[in-house]
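Every number here is computed from the coordinates shown, using simple stated rules; none is lab data. Because the structure is a prediction, the values reported are computed rather than measured. Here the Cβ is made from the backbone with ideal geometry for all residues, glycine too, and neighbour counts use every protein chain on show.
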Amino acid sequence: MSRTQIQIFLFIIAVVIMTIIVFVYGLQEEERMETFESGHRAAAIEVGADLFDTYCSRCHGKQGLGIQGLCPPLNDRNFFDSRMDEVGWNGSMEDYIASTVSGGRISSTRPQLYPGQGVPSMPSFGEQSGGPLREDQVRAIAAFIVNWEETATLVTVPTPPAGPTVGTDITKELPDGDVQSGEALTVSLGCTACHLAGESGAGPDWLASDELPGIGDRAALRIEQDGYNGAATTPEEYIFESIVLPADYLVSGYENLMPGNYASTLTDQDMADMIAYLLSIR
């Protein structure tokens, strides 16, 4: 075999080997890309979980189950099955969530159940709308929420009470309250997520601290202190006012994140029970 024939033979062998390598690599590429995308997605969800806890959980709950009277559940079968049809969204669920997180919401789409924080009912979190989050961070939150879709169960939305509600007259006479019923009500309304969370809570903690007594004794101190600009003259009225008129007086260092619809969703008995419970915390 001549030198030229040997070179041609080796060239053909090299081409065959390269063809086999490219073919095998091509077969593995789809799997490799799927693995890469899966890892990238997992990392985004992990980042989104931390961001959700920081920016979203105080209104939508730590597990995305919502807070009654404030903001709706997101870890909810109905949210994933019906929400886009309700609002007329034609894109993907993830795009809808990212758009809402980024731009916020001027007014609630269900104000009777979820009034949000007032106006706007949900703040804008995206940088382009004046918020603190980059686009990739907004997308990470959306990825984290969408990750609930496969395991989400139906969250029961409470219905407003039938008959008269408590209103905003904090001087009105109330029935006798029950401490245990009041405690159960504060749990079901999600009050404890903000007011029994220690220093990390979004609202003043009800329990006693080194500096202050519990809310049962603190209520009397609040109405006597300088700077109190509410209308309450008794501890009972102060608690009543704090629940139905939360913007009338804000404890220093806190924003008004309270639901604004308790006057129209709680009954006189509900209010009496909650006051009885809170006055028992000393």
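Key figures
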quantity: Unpaired by the 4.7 Å Cβ criterion, cysteines found in the chain; calculated: CYS56, CYS191, CYS194
quantity: Full-stretch length increase - THR4, ALA208 - with 0.36 nm per residue and alpha-carbon distance subtracted; calculated: 64.0 nm
quantity: Degrees separating the helix 135-146 axis from the principal Cα axis of the chain, which is the longest one; calculated: 80 degrees
quantity: Potential extension, SER107-THR234 segment - 0.36 nm per residue separation minus Cα distance; calculated: 42.3 nm
quantity: Nearest-0.05 FRET efficiency for THR153 and SER181, computed from C-beta distance (R0 22 Å); calculated: 0.25
quantity: Estimated 222 nm signal from helices in the chain, with DSSP H stretches of n ≥ 4 weighted -39500 (n - 2.57), rounded to 500; calculated: -15500 deg cm²/dmol
quantity: Helix axis angle, 268-279 relative to the chain longest principal axis, alpha carbon, degrees; calculated: 90 degrees
quantity: GNM top mover of ALA193, ALA208, ALA263 - the chain, alpha-carbon springs below 10 Å; calculated: ALA208
